Amino acid sequence: MTENHAVQKKSARRNRVAAAACFAAALITVSVVGTQSATADGNSRNAAGRTPAAAQPAAATAPGLGSAALVQSEDYFQRGLNPVGATVALNGRQGLSACSGEETMHDLTKGKATAYASVNWTFDTSGQLTESAASAHTGAEAATWEKQLVALVEDCQDEPAGHWHYGAAHALTVNGGTARWYPAYNGDGAVSGGVAVLRSGTRVAIVELTGQPTNAPTYVEGIATAALKRLPS
């Protein structure tokens, strides 16, 4: 990789991080690609403080993979996030993470997956969550894609002082599936979400939270656990 290309890649990453906050604040109701709209009534809390009915990804499906394998609204309520909108797609064209620039799961797999699924969740506070998943023909192929995703994420661990970056990797195993999750830090060194790379059988996924309601680095572990439980669905 030339020095100029590396600079352009890192610039694209940082632009993506900055754009995420603006996007999350502006997007309240979003449409589901190829399916129905997924919306929520963010004003339906009653005096007793019950949680409102939240956006659910439409039951989009594809051979071997669908939105049921992605994180759902109920996965957020116990973690202090109130989802208000979701966009689901089955084409693998959603950007992978803040670190990947414009690279997508379709790019990473060279279009060889048996199926793709992705979701972009927005909340009633700043921040958003994205997840992209792919189904491989074999476990060996899935393992190769997992290694590529890990390499992509870990390329953003080594950044100059004062720059946004991912922290150290942490291993996680749930129901036979495995994950590596990483807290994310802003230029001031404060935790600002995180990312996880997941694999369960022939399925792989990457899930990223931008912003979070607490400053605990382990917060993203809960999101990674929920996503890993969903992936074999």
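The values are calculated or read from the model by the stated rules, or taken from the named source; none is laboratory data. Keep in mind the model is a prediction, meaning the values are calculated, not measured. Cβ: placed from backbone, ideal geometry, glycine included. Neighbour counts: every protein chain shown. Calculation scope for accessible area: heavy atoms of the full protein, side chains included, ligands and nucleic acids excluded. Shrake-Rupley method; radii C 1.70, N 1.55, O 1.52, S 1.80 Å.
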- For region 194-201, take each phi angle, set θ = phi - 60°, evaluate the Karplus expression 6.51 cos²θ - 1.76 cosθ + 1.60, and give the result in whole Hz per residue in order, putting x for glycine and proline. x, 9, 9, 9, 10, 8, 9, x
- Message: Can you tell me the length gained on complete extension of the stretch E74 to N215, counting 0.36 nm per residue apart and subtracting the Cα distance?
- Response: 48.6 nm
- Message: How far apart, in nanometres, would the label points at R93 and D107 be if each is projected 7 angstrom from Cα along the Cα-to-Cβ direction?
- Response: 1.4
- For region 60-147, give the percent of accessible area contributed by carbon and sulfur heavy atoms, probe 1.4 Å, rounded to a whole number. 52
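Give the relative contact order (percent, whole number) for region 101-167; include only Cα pairs under 8 Å separated by 6+ residues. Mind dumping the intermediate values first?
Values: 56 pairs, mean separation 15.6, N = 67.
23 percent.
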- Query: Which residues' amide hydrogens lie under 5 Å from the amide hydrogen of G127, considering only partners 5 or more residues apart or on another chain, with H built in the peptide plane?
  - Reply: A24, A25
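Just the number: Rg to Rh for region 176-233, Cα atoms, Kirkwood Rh, two decimals. List each step's numbers first, then the result.
Details: Rg = 11.9 Å, Rh = 11.6 Å.
Over the Cα atoms of region 176-233, Rg/Rh equals 1.02.
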- Query: Tell me which aspartates and glutamates have Cα within less than 15 Å of K110's Cα, excluding those fewer than 8 residues away on the same chain?
  - Reply: E102, E141, E146
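Taking a probe of 1.4 Å, how large is the accessible area per residue of region 57-215, in Å²?
Details: 5840 Å² over 159 residues.
With all protein chains present, region 57-215 gives 37 Å² per residue.
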- Whole-Hz Karplus couplings 3J(HN,Hα) for region 224-231, θ = phi - 60° and coefficients 6.51, -1.76, 1.60, Gly and Pro as x, run 4, 5, 4, 5, 5, 5, 6, 4
